[in-house]
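Trainee: Mind having a look at this structure? Questions to follow.
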Amino acid sequence: MKPVITFIGVVFALATSLAAQPAQSQGRGQRPPADPRNAGGGNCVNNPYNCVDTPNPLAPPDTVWMEDMTWMDVRDAVKAGKTTVIISTGGIEPNGPWLALGKHNFVLRTNCDAIARKLGNALCAPIVPFVPEGSIEPRSSHMLTVGTISLEEATFEALLTDIARSYRMHGFETIILIGDSGGNQQGMKAVAEKLNAQWNAKPAVVHIPEYYAYNTVAKLLVDLGVTTADAKTDNLHDDPGIALNMFMTDPNSIRWQQRVKAGKATIDGVSLADKAKNLELGRKIVDMRATNTVAAIKKALAERRK
């Protein structure tokens, strides 16, 4: 009988000892409530730079891209009135022999920047590179080409929804959705409608289909005398307008140097060999798309206020 009594005594002593230990040693789910001052990925009590209201020790960078900012930069920008966030969607898809798979993402890197700066009160979320590109199994559309990444429509909408929810929790008052590819438009529209209904448009979630108006780029190049309305094409998933837009972000994204060296720096009969001319035309394309998009955003928001 004595061994049994001894065992019970040991168990009782162990239970008493565990009960007396701090809650944090009993597993993650039993830690004390977090200090509401905590920010920056650490504990405020351990370092003042982990406190939500500590002044930023550095001057903010000249950028509208949140991924290039610190949390203090974003916090201060929102407090200063930058309460609009632009969520842009691109893609990973085949674009002929010259353009990188991330074509739409290269375009958005320059265009979202221009749009946000023209608005004056906006920041750019990291570009969403993964979008519907066709059926995965069996393969269809762009999924027929190696390198493509595709999402199911439901996955895409769930991803956008969680991104928007995150920015809502951080105090953004307007959430703008723009997409640089045709397959992105329906999902963004659906997410905007769903979230506006759920949140009573607080914040407002606005899909801007006018951004994806590549016909305006084609018209601009005709008006500038770069192309003609009946110009013969190379029948590639590529054209002068998008190549010039990509060039503004990174000439290597259209393999510019290699193509010039190989005598292949043309698309649809338009030469891309002159770097200075490319930059001049690219700036005009970006400025037009940004101007049109900003006008569409302001119009959409004004209509909501009526």
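The values are calculated or read from the model by the stated rules, or taken from the named source; none is laboratory data. Predicted, not measured: the structure shown is a model, and the values here were computed from it. Glycine gets a Cβ as well: all are built from the backbone with ideal geometry, and neighbour counts include every protein chain shown. Only protein heavy atoms, including side chains, enter the accessible area calculation; ligands, DNA and RNA are left aside. Shrake-Rupley method; radii C 1.70, N 1.55, O 1.52, S 1.80 Å.
Trainee: With r defined as the distance between the Cβ atoms of Trp71 and His237 and R0 fixed at 51 Å, what FRET efficiency is calculated, to the nearest 0.05?
Mentor: 0.85
Trainee: Quick one: net charge of Leu123's neighbours, Cβ under 11 Å, K/R +1, D/E -1?
Mentor: Taking every Cβ under 11 Å from that of Leu123, the sum is -2.
Trainee: Put Tyr211, Tyr49, Tyr167 in order of accessible area, largest first, 1.4 Å probe: what do you get?
Mentor: Per-residue accessible area, sorted high to low, gives Tyr49, Tyr167, Tyr211.
Trainee: How much accessible surface area, in Å² rounded to 10, belongs to the heavy atoms of Arg304 with a 1.4 Å probe?
Mentor: Surface accessible to solvent at Arg304 totals approximately 110 Å².
Trainee: Taking Rh as the Kirkwood radius, which is the inverse of the mean 1/r over Cα pairs, what is the Rg/Rh value for the chain?
Mentor: The Rg/Rh ratio comes out at 1.15.
Trainee: What residue among Val226, Ser181, Ala197 has its Cα farthest toward the positive end of the dipole of the chain, where the charges are +1 on Lys, Arg and -1 on Asp, Glu, each on the Cβ?
Mentor: Value: Ala197.
Trainee: Quick one: angle between helix 103-119 and the longest Cα principal axis of the chain, in degrees between 0 and 90, rounded to 10, please.
Mentor: With rounding to tens, the tilt is 80 degrees.
Trainee: Shifting gears a bit: For the chain, give the share of DSSP beta bridges that are antiparallel, in percent and rounded to the nearest 5; count only bridges with both residues there.
Mentor: That works out to approximately 20 percent antiparallel.
Trainee: Whole-Hz Karplus ³J(HN,Hα) for segment 67-73, in order, using 6.51 cos²θ - 1.76 cosθ + 1.60 and θ = phi - 60°, x for Gly and Pro?
Mentor: 5, 9, 10, 7, 5, 5, 4
Trainee: What's the Kirkwood radius of segment 193-266 in Å, using all Cα pairs?
Mentor: In segment 193-266 this quantity evaluates to 15.4 Å.
Trainee: Leaving ligands, DNA and RNA out of it, rank Leu144, Leu301 by accessible area with a 1.4 Å probe, largest first.
Mentor: Leu144, Leu301
Trainee: While we're here: Taking the Cα centre as origin and putting +1 on Lys and Arg beta-carbons and -1 on Asp and Glu beta-carbons, what dipole magnitude results for the chain, to the nearest 20 debye?
Mentor: It comes to approximately 640 debye.
Trainee: In addition: On C-alpha positions alone, give me the angle between the axis of helix 275-305 and the longest principal axis of the chain, in degrees, nearest 10.
Mentor: 60
Trainee: Right, another one. Tell me, what does the Kirkwood hydrodynamic radius of segment 160-230 come to in angstroms if you use every pair of distinct C-alpha atoms?
Mentor: 13.8
Trainee: Rounded to the nearest whole Å³, what is the per residue volume of the convex hull around the Cα atoms of segment 220-306?
Mentor: Taking only Cα atoms, segment 220-306 has a hull volume of 119 Å³ per residue.
Trainee: Would segment 114-200 count as rounded, prolate or oblate if I go by the C-alpha gyration tensor, calling it rounded below 1.5 in a/c and otherwise prolate when a/b exceeds b/c, oblate otherwise?
Mentor: Here segment 114-200 falls in the prolate category.
Trainee: Sticking with this one: Quote the charge dipole size of segment 166-306 about the Cα centre in Debye, to the nearest 20; the model charges only the Cβ of Lys and Arg (+1) and of Asp and Glu (-1).
Mentor: 440
Trainee: Anyone know which of Thr63, Thr54, Thr155 comes out most mobile in the 10 Å Cα GNM of the chain?
Mentor: In the Gaussian network model the winner is Thr54.
Trainee: When the gyration tensor of segment 62-219 is built from Cα positions, what are the square roots of 5 times its three eigenvalues, in whole Å, from largest to smallest?
Mentor: For segment 62-219, the semi-axes come out at 27, 18, 14 Å.
Trainee: Which residue, Ala231, Ala218, Ala125, has the most motion in a Gaussian network model of the chain that connects Cα atoms within less than 10 Å?
Mentor: Sorting by GNM fluctuation, first place goes to Ala231.
Trainee: Rg over Rh of segment 29-117, using C-alpha atoms and the Kirkwood radius, what does it come to?
Mentor: Radius of gyration relative to Kirkwood radius: 1.14.
Trainee: Could I ask something else about it? In degrees, nearest 10, range 0 to 90: what is the angle between the Cα axis of helix 2-20 and the longest Cα principal axis of the chain?
Mentor: With both axes taken from Cα atoms, the answer is about 50 degrees.
Trainee: When the chain is treated as a GNM, springs tying every alpha-carbon pair under 10 Å, which of Ala122, Ala192, Ala262 comes out with the largest mean-square fluctuation?
Mentor: Of Ala122, Ala192, Ala262, the Gaussian network model singles out Ala262 as fluctuating most.
Trainee: Ok, one more. For n ≥ 4 DSSP H runs only, could you compute -39500 (n - 2.57) per run for the chain, divide by its residues and tell me the 222 nm figure to the nearest 500?
Mentor: -14500 deg cm²/dmol
Trainee: Over 21 Å between Cα atoms, which of Lys82/Lys202; Lys79/Lys284; Lys82/Lys118; Lys219/Lys299 qualify?
Mentor: From Lys82/Lys202; Lys79/Lys284; Lys82/Lys118; Lys219/Lys299, over 21 Å: Lys79/Lys284; Lys219/Lys299.
Trainee: At 0.36 nm per residue, minus the direct Cα-Cα distance, what do Phe130 and Lys194 gain on full extension? Give it in nm, one decimal, please.
Mentor: Additional length available on full extension: 21.0 nm.
Trainee: Additional query: How big is the dipole moment of segment 73-227 about its Cα centre under a simple scheme where the beta carbon of each Lys and Arg is +1, that of each Asp and Glu is -1, and everything else is neutral? Debye, nearest 20, please.
Mentor: Dipole about the Cα centre, nearest 20: 480 debye.
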